[in-house]
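The values are calculated or read from the model by the stated rules, or taken from the named source; none is laboratory data. These numbers come from a predicted model, not from an experiment. Counting neighbours? That spans all protein chains shown, and the Cβs are built from the backbone with ideal geometry, glycine included. Note: areas computed on protein heavy atoms with side chains; ligands, DNA, RNA excluded. Shrake-Rupley method; radii C 1.70, N 1.55, O 1.52, S 1.80 Å.
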Amino acid sequence: SSEDIRCKCICPPYRNISGHIYNKNVSQKDCNCLHVVEPMPVPGNDVEAYCLLCECKYEERSTTTIKVMGVLSLQ
């Protein structure tokens, strides 16, 4: 994704569900499993346990700076 902000949730395997990485463009306050993990791979009664295993991090970056540095490094 080339967005400058995103929330990244890394969820390990849970019961019969394989691990997965979820990315979504949300605000920092909404950077949690309930807002980022879609579709939720577990039924309602397992959501809390599943989300406790997931590690979510808010990330900001400047894609413009990354692109400029990439072009400069090719010269």
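Data for the structure
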| quantity | calculated |
| --- | --- |
| Every residue from the stretch 23-57 that is loosely packed, with under 13 Cβ neighbours inside 10 Å, over 10 Å from the mean Cα position of the chain (by Cα) and not basic (Lys, Arg) | Ser27, Gln28, Glu38, Pro39, Pro43, Gly44, Asn45, Glu48, Ala49, Leu52 |
| Selection from the stretch 1-22 of residues that are open to solvent by less than 80 Å² (accessible area, probe 1.4 Å) and without any contact (Cβ under 8 Å) to a residue 40 or more places away in the chain | Tyr14, Ile17, Gly19, Tyr22 |
| Segments classed as helices (runs of 4 or more DSSP H), wholly inside the stretch 32-75, with at least 1 members that are modelled with pLDDT of 95 or more and in contact with an Asp or Glu (Cβ under 9 Å, 6 or more places away or on another chain) | 33-36 |
